[in-house]
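Here is the structure we will look at.
The values are calculated or read from the model by the stated rules, or taken from the named source; none is laboratory data. Computed from a predicted model, the values in this text were never measured in an experiment. All Cβ positions, glycine included, derive from the backbone under ideal geometry; neighbour counts span all protein chains shown.
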Amino acid sequence: MTSHEPNSPAPDATAQMAFWRGDFGREYALRNEITPERLQTHTRAWARMLNVLTGSMPSTILEVGANVGINLHALRQITSAPLYAVEPNSLCRQRLAADGIVAAERVLDGTARAIALPDASVDLVFTCGVMIHIHPDHLPASCQEMYRVSRRYILCAEYFSDKPETIPYRNQQDLLFKRDFGALWMEQFPQLRLLDYGFFWKQVTDLDNLTWWLFEKG
Ligand SMILES: C[S@@+](CC[C@H](N)C(=O)[O-])C[C@H]1O[C@@H](n2cnc3c(N)ncnc32)[C@H](O)[C@@H]1O
């Protein structure tokens, strides 16, 4: 069993969240240090994903499920926009605040379903490898919450599967769910405009076979 952290709010008390808030989440963070090589790979990926926004770059950016902040560090290489992080794991939040890439008051305890920010308060809201860890029953509420907070853009970079499927992950049976996340966003919010999409192939990018979609709110 993993341990829950004392005194942390539990707005999202799912089995998946218990894992990420506890030892499982801590161990993930310790395995995924930010190295110069990873930073370079992610910076290249972000330049590609935001390429279409040249001239209308987001003025504020929120990562939901930021972990230790590899994406936020990479974004800092290409934009001076204020950055926000929502992260359920307290060790990760401490790391994010200590690093200074995200101002401490913009490092928030929360989940995709519970974001302590006002409506339309951040230009770009994104996930990377996070929607895959949300139980399918909770995806609609999670998308709704991220949509609420976004002023303009939504991006998700996740593992793709044509049909929804559950994949064993680190010996756990209910922690990784693949699907067509782009279609999920478009079905729930038909007014979203697809700006760009793509695939980072592990063989040549060192990223984890991520499919990404960039949307603009209508
Ligand atoms: C696989 S890691 C990905 C981290 C980071 N986005 C990256 O690309 O390196 C998943 C992260 O999302 C967090 N997480 C898991 N479920 C979440 C949820 N429902 N809402 C927000 N964050 C979540 C975990 O604590 C963990 O830090």
Legend entry - Matching residues in segment 141-172 - criterion: being part of a helix (DSSP H, G or I) and in contact with a helix residue (DSSP H, G or I) (Cβ under 6 Å, 6 or more places away or on another chain): CYS143
Inset, instruction - Considering each of ALA45, ALA81, ALA85 in turn, give the residue that is in contact with a Pro (Cβ under 7 Å, 6 or more places away or on another chain), of a type in the set (Gly, Ala, Ser) and either buried (at least 22 other Cβ atoms within 10 Å of the Cβ) or at negative phi (or both). - result: ALA81
Legend entry - Residue under evaluation PHE199, criteria (1) assigned to a strand (DSSP E or B); (2) modelled with pLDDT under 95, criterion not met: (2)
Inset, instruction - Filter segment 64-90 down to residues that are part of a loop (DSSP other than H, G, I, E, B) and hydroxyl-bearing (Ser, Thr, Tyr) and give me whichever is nearest to the ligand (Cβ to nearest atom). - result: THR79
Inset, instruction - Tell me which of these VAL149 doesn't satisfy, since it passes every other one: (1) of a type in the set (A, V, I, L, M, F, W, C); (2) in contact with a strand residue (DSSP E or B) (Cβ under 9 Å, 6 or more places away or on another chain); (3) exposed (fewer than 14 other Cβ atoms within 10 Å of the Cβ). - result: (3)
Legend entry - Some residue of segment 146-157 being without any contact (Cβ under 8 Å) to a residue 24 or more places away in the chain and near the ligand (Cβ under 10 Å from one of its atoms): no
Legend entry - Tally of residues being within 19 Å of ARG95 (Cβ to Cβ) and polar (S, T, N, Q) across segment 12-41: 2
Legend entry - Residue satisfying all of: in segment 31-59; within 16 Å of the ligand (Cβ to nearest atom) and not in a helix (DSSP H, G or I); nearest to ILE154 (Cα to Cα) among these: LEU50
Inset, instruction - Would you point out which residue out of LEU53, LEU91 is over 18 Å from the mean Cα position of the chain (by Cα) and touching a residue at least 24 places away in the same chain (Cβ under 8 Å)? - result: LEU53
Inset, instruction - Identify the single condition in (1) closer than 19 Å to THR14 by Cβ; (2) touching a Lys or Arg at 6+ places or on another chain (Cβ under 8 Å); (3) surrounded by fewer than 20 Cβ atoms within 10 Å (Cβ to Cβ) that ALA114 does not satisfy, given that it satisfies every other one. - result: (2)
Inset, instruction - Can you give me the number of residues within segment 97-130 that are in contact with a Ser or Thr (Cβ under 8 Å, 6 or more places away or on another chain), near the ligand (Cβ under 8 Å from one of its atoms) and not in a loop (DSSP other than H, G, I, E, B)? - result: 1
